[in-house]
1. What's the lysine pair count for the chain at a Cα cut-off below 29 Å, pairs eight or more apart or interchain?
2. Calculated from DSSP H runs of 4 or more alone, at -39500 (n - 2.57) each and per residue, what is the 222 nm mean residue ellipticity of the chain, nearest 500?
3. Measure off 7 Å from each Cα along the Cα-to-Cβ vector at Arg109 and Val47, then give the distance between these two points in nanometres to one decimal.
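What follows is calculated from the coordinates using simple rules that are stated; it is not laboratory data. Just so you know, these numbers come straight off a predicted model, no measurement behind them. All Cβ positions, even for glycine, are placed from backbone atoms using ideal geometry, and neighbour counts span all protein chains on display.
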Amino acid sequence: MTENKGPQIKRPIVMLHSPFFGAPVTGKELKGATTTPEWNNDEIPVVEAVNHMPEYLETGHIVVIIRDASEKRDDKALRGSGVLTMGERVTGQFNVSQAFELDMLCHGRLMGKITGSFKWEKLQNE
């Protein structure tokens, strides 16, 4: 997170959710309180789409969710979420690193921004 207008996050954790990879996946929980958590590449989960047709993936999105793992109640744990639309980021973009910046919203309020990058890779057996 590059900006955070919300409270300090005691144990930040990132989750990714999308209709094209089924259940939400969780990244590594960071230790130490911060207002602007940063994850390394090896701390972010690698996800595999359930359908590998580019035409389908172009219509999808990935929801990036930031939570505080120290919160006992789910309604208090959310620190923000943003939607990364796929669109033109799929066809012809295999093995190309793509940067993004997302507004992070929490209960309808802008809480900050998150930046990152991702890359589509073909499966080994394709």
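1. Lysine pairs meeting the criterion: 22.
2. Working: 2 runs with 8 residues, N = 126.
Calculated at 222 nm, the ellipticity per residue is -1000 deg cm²/dmol.
3. Each label point lies 7 Å from its Cα, and together they span 2.7 nm.
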